[in-house]
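Input: a single structure, listed below in structure tokens.
Every number here is computed from the coordinates shown, using simple stated rules; none is lab data. This one's a predicted model, so the numbers in the text were calculated from it and none came from an experiment. In this analysis, Cβ positions are derived from the backbone assuming ideal geometry, glycine residues included, and neighbour counts consider all displayed protein chains.
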Amino acid sequence: MRTSVCDIVLVGVGGQGVILLSNIIGKAALKAGYPIRGAETHGMAQRGGSVMNHIRLGCEYGPLVPAGGADVLLALEPVEALRYAHYLSTDGIALVNTYPVHPTTVTTGQFTYPPLEEILTPLQRVCNKLKTIDATKLAVDAGNPQAMNVVMLGALSEYIPLREEELIEALSVSVPAKFLEVNMRAFEFGKG
């Protein structure tokens, strides 16, 4: 039995803007009049650790998306997509930034980052649709690599029941004015 309109799981690593992205979606949902529930997990994730947020639009029950229940898995980092793939519904979509964040153990040579195909192939078996985006490159093209999360928000806008105007309004009150123009470009680039 379905208990929400849209369940989203956002994942990444500390410093990528998962929490900001969740806040923007939450503000847009409130503006649209949706009941919203959410939960975030970011304990040791100040920089480089795993971050996961649940967002349930139109849900009157608990904040956690059940395993196998996410309509959308939005991953700001490829390995994090694979780590949390079990949340995806077989009818769901995975939106994955293809640019990896290399943890210290990878950059020091202790471990090798897996090839992208080894990450994406299992994801394709889990969900209905996989969309890959080099959101980091698009953010650089927009004027700031830190706007990568907003590129992903632009991509997400096609798959959630929030209007673009609501997302743009929430974005405009969530980022400092001096970064708004870059973030607006990043959003548009994400829409593709």
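The table for this structure:
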read-out: Reachable lysines from Lys178, criterion Cα separation under 29 angstrom, eight or more residues apart if same chain; value: Lys27, Lys31, Lys137, Lys191
read-out: Residues Met148, Met184 arranged by fewest to most Cβ contacts within 10 Å; value: Met184, Met148
read-out: Anisotropy class of the stretch 6-191 from Cα gyration tensor, a/c 1.5 cut; value: oblate
read-out: Where chymotrypsin sites (Phe, Trp or Tyr not before Pro) in DSSP loops with at most 14 other Cβ within 10 Å are excluded, longest remaining stretch of the chain; value: 112-192
read-out: DSSP loop trypsin sites (Lys or Arg not before Pro) with at most 13 other Cβ within 10 Å: longest gap in the chain; value: 48-162
read-out: Percent antiparallel among DSSP beta bridges (both partners in the chain, rounded to 5); value: 50
